[in-house]
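Q: The structure follows.
Values in this text are rule-based calculations from the coordinates and carry no lab data. Since the structure is predicted, the reported quantities are computational estimates derived from the model, not experimental observations. FYI the Cβ positions are ideal-geometry reconstructions off the backbone, even for glycines, and counts take in every protein chain you see.
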Amino acid sequence: MGIGPSTKETTLHHFRDPLLNVVSGDEDIDLLGVIFVGTPQDNRDKHFVGQRTAAMIEMMRADGVIISVDGWGNSHVDYANTIEEIGKRRISVVGISFIGKQASFVVKNKYMDTIVDFNKSAKGIETEVVGENNVTLLDAKKALALLKLKMKREDK
């Protein structure tokens, strides 16, 4: 499965990215950066990408991470692996993903306990409406609130 029209983010969405706007505008959060990671085909490469991303986050000394994925199915393999690699380093992590009707991931781990589903279609499916299933301001606020709670809980 790949990305369909409803989960594709338009250029305007990128320029007005709700997640970046919410996180960068919050006075309690020190935004360290944005990391873009591709989705390799080979499983060995998928694990390598997750390990390297988590190592980079660890070197940045981040207390928490919001990780977003714009695909599903096979893309969830490296998504889950990256979340696990971040979690194993004792860094709080919250995910954002299109889940919808499938209501489950191809692979799971114990660190995938806080995921915001950005499905917007009533049937819980990918649709032919461009940008229908994208992260909104509400999704971004939920993810940030969950991350703050998780970081506070895991700080003890």
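Q: Using the Cα centre of the chain as the reference point, and only Cβ charges (+1 on K/R, -1 on D/E), how large is the resulting charge dipole? Debye, rounded to the nearest 20. Don't skip to the answer; put the middle values down first.
A: On the way: 21 positive and 22 negative charges, 96 e Å.
The calculated dipole for the chain is roughly 460 debye.
Q: Sticking with this structure for a sec: Which of Leu147, Leu31 comes first, and how do the rest follow, when ranked by fewest Cβ neighbours within 10 Å? Don't jump to the answer; show the numbers that get you there.
A: Numbers: Leu147 21, Leu31 11.
Exposure proxy ranking, most exposed first: Leu31, Leu147.
Q: Under 19 Å between alpha carbons, and skipping anything fewer than 8 positions from Lys120 in its own chain: which lysines qualify?
A: Partners found: Lys8, Lys101, Lys141, Lys142.
Q: Which FRET efficiency value, to the nearest 0.05, do you get for Ser24 and Val129 by plugging their Cβ-Cβ distance into 1/(1 + (r/R0)^6) with R0 = 35 Å? Display every interim value, and only then the final one.
A: On the way: r = 28 Å, r/R0 = 0.81.
For Ser24 and Val129, the calculated efficiency is 0.80.
Q: While we're here: Just subtract the alpha-carbon distance of Arg153 and Met60 from 0.36 nm times their residue separation and send over the number in nm, one decimal. Before the final figure, lay out each step's value.
A: Numbers: separation 93, 0.36 × 93 = 33.48 nm, distance 2.10 nm.
Length difference between fully extended and current span is 31.4 nm.
Q: Oh, and also: Taking every pair of distinct Cα atoms and averaging 1/r, then inverting, what Kirkwood hydrodynamic radius in Å comes out for the range 65-156?
A: 13.6 Å
Q: Sort Thr82, Thr136, Thr53 so the one with the fewest other Cβ atoms within 10 Å of its own Cβ comes first. It would help to have the intermediate numbers written out before the result.
A: Numbers: Thr82 27, Thr136 14, Thr53 20.
With the fewest neighbours first, Thr82, Thr136, Thr53 line up as Thr136, Thr53, Thr82.
Q: Moving on. Would you pull out the residues with amide H under 5 Å of Ser68's amide H, same chain only if 5 or more places away, H placed 1.01 Å from N?
A: Ile96
Q: Just want the answer: with Cβ charges of +1 for Lys and Arg and -1 for Asp and Glu, which residue in Asn21, Thr127, Met151 is farthest toward the dipole's positive end in the chain?
A: The listed residue farthest towards the positive side: Met151.
Q: Report the label-to-label distance for Lys101 and His13 in nanometres (one decimal), using points 7 Å from each Cα along the Cα→Cβ vector.
A: Computed distance between label sites Lys101 and His13 equals 1.9 nm.
Q: Can you put Val93, Val34, Val135 in order, fewest other beta carbons within 10 Å first? Write out the running numbers ahead of the final one.
A: Working: Val93 27, Val34 11, Val135 24.
Ascending Cβ contact count within 10 Å gives the list Val34, Val135, Val93.
Q: I would also like to ask the following. Say the dipole of the chain comes from +1 at the beta carbon of Lys and Arg and -1 at that of Asp and Glu; which of Tyr111, Leu12, Ala54 then lies farthest toward its positive end?
A: Tyr111
Q: Out of every Cα-Cα pair in the chain, what percent are more than 20 Å apart? Intermediate results must be reported in sequence, preceding the final value.
A: On the way: 5846 of 12090 pairs.
Cα-Cα pairs of the chain separated by over 20 Å account for 48 percent.
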